[in-house]
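Novice: There's a structure below that I have some questions on.
The values are calculated or read from the model by the stated rules, or taken from the named source; none is laboratory data. Only a predicted model underlies this, so the values are computations on that prediction, with no experimental measurement involved. Reconstructed Cβ throughout: ideal geometry from the backbone, glycine too, with neighbour counts over all protein chains shown.
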Amino acid sequence: MTIKAKEVLKDKFWIVEENGSKVGTLSAAEECYTYSCGKGTTVFGDFNQLKKHLGKISWSTADSKSKSDYEVHGYPTSCEPFNPMYDVKNRLPLFSKSNKSKSLYCAGYYCIQFEKGWVKSFCPKQITIERYNYSGPFKTDIEMRTELSRVNAKSS
């Protein structure tokens, strides 16, 4: 069984998956590696100790597009975009999911404020963005999570 480490921040942070499911995170500092999973956090003095603990690891870099190979105006999409456009007034990259579709989706990552609080969203419908307070679009999941932490702290 091979464990896969997907790079999030170049040479610093990885999501660790086993059989396609997230099992932990791995971070690298100057002198050590830190592996966090459901069983706790372990610090390793060097790469060989880490490799001995985790076993066979396949590494993927942040350069390879893992989440989405499609974009609209520089923002990632959940599927192949049709009819890409840019709403200049609201600064939203929009697309439809098929040639005949009348529903528009917003490319990128968003934080949306529903009645129960702020939630993260990837490529929400334009109508959702129009009905609720939102923050975005963001080009990466990390940018969106940072903003989500900020708005949650502000509303507490």
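Novice: Inside the range 1-28, can you point out the residues that are at pLDDT below 85 and out of contact with any Gly (no Cβ under 7 Å at 6 or more places or on another chain)? Break it down into steps so the answer makes sense when it comes.
Specialist: Our first condition is that a residue be at pLDDT below 85; within the range 1-28, this holds for 1-3, 8-11, 18-21.
Listed by number, the residues that qualify are MET1, THR2, VAL8, LEU9, LYS10, ASP11, GLU18, ASN19, GLY20, SER21.
Novice: Step by step: first the residues of the range 124-141, then only those that are modelled with pLDDT of 95 or more and in a loop (DSSP other than H, G, I, E, B), then the one that is nearest to TYR75 (Cα to Cα). Which residue is that?
Specialist: Looking at residues that are modelled with pLDDT of 95 or more and in a loop (DSSP other than H, G, I, E, B), I get PRO124.
Novice: Tally up the residues in the range 33-46 that are over 26 Å from the mean Cα position of the chain (by Cα) and among the aromatic types (Phe, Trp, Tyr), please. Please lay out each step first, then the result.
Specialist: Within the range 33-46, the first condition is being over 26 Å from the mean Cα position of the chain (by Cα), and the residues that meet it are 44-46.
Of the ones still in play, those that are also among the aromatic types (Phe, Trp, Tyr) are 44.
Counting residues in the range 33-46 that are over 26 Å from the mean Cα position of the chain (by Cα) and among the aromatic types (Phe, Trp, Tyr) gives 1.
Yes or no, residue by residue, for (1) touching a residue at least 24 places away in the same chain (Cβ under 8 Å); (2) out of contact with any Ser or Thr (no Cβ under 9 Å at 6 or more places or on another chain):
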residue: SER58; (1), (2): yes, no
residue: TYR70; (1), (2): no, no
residue: GLY74; (1), (2): yes, yes
residue: THR77; (1), (2): yes, no
residue: TYR86; (1), (2): no, yes
residue: LYS100; (1), (2): no, yes
residue: CYS111; (1), (2): yes, no
residue: MET144; (1), (2): yes, no
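Novice: Considering the range 43-55 alone, what residues qualify as being surrounded by 15 or more Cβ atoms within 10 Å (Cβ to Cβ) and under 17 Å from LYS22 (Cα atoms)?
Specialist: Residue satisfying the conditions is LEU54 alone.
Novice: Still on this structure, I have one more. Spot the failing condition for SER121; the list is (1) farther than 22 Å from SER155 by Cα; (2) in a strand (DSSP E or B); (3) hydroxyl-bearing (Ser, Thr, Tyr), and only one is missed.
Specialist: (1)
Novice: Any idea which of LYS120, LYS102 is at pLDDT below 95 and farther than 16 Å from MET144 by Cα? Talk me through it step by step, then tell me what you get.
Specialist: Details: LYS120 fails: farther than 16 Å from MET144 by Cα.
Selected residue: LYS102, the only one of LYS120, LYS102 that is at pLDDT below 95 and farther than 16 Å from MET144 by Cα.
Novice: Residue under question is TYR70, and the condition is that it be under 22 Å from PRO137 (Cα atoms) and under 18 Å from the mean Cα position of the chain (by Cα); does it hold? Break it down stepwise before answering.
Specialist: On the way: under 22 Å from PRO137 (Cα atoms): yes; under 18 Å from the mean Cα position of the chain (by Cα): yes.
Yes.
Novice: Condition first: farther than 19 Å from GLN49 by Cα and outside any strand (DSSP E or B). Now tell me which residues in the range 1-31 satisfy that.
Specialist: LYS10, ASN19, GLY20
Novice: Run down SER36, SER21 and say which single residue is closer than 23 Å to GLU143 by Cα and exposed (fewer than 10 other Cβ atoms within 10 Å of the Cβ). Working first, answer last.
Specialist: Working: SER36 fails: exposed (fewer than 10 other Cβ atoms within 10 Å of the Cβ).
Only one candidate passes the filter, namely SER21.
Novice: For THR61, indicate whether it is of a type in the set (Val, Ile, Thr) and modelled with pLDDT under 85.
Specialist: Values: of a type in the set (Val, Ile, Thr): yes; modelled with pLDDT under 85: yes.
Considered against the rule, which asks whether it is of a type in the set (Val, Ile, Thr) and modelled with pLDDT under 85, THR61 comes out as yes.
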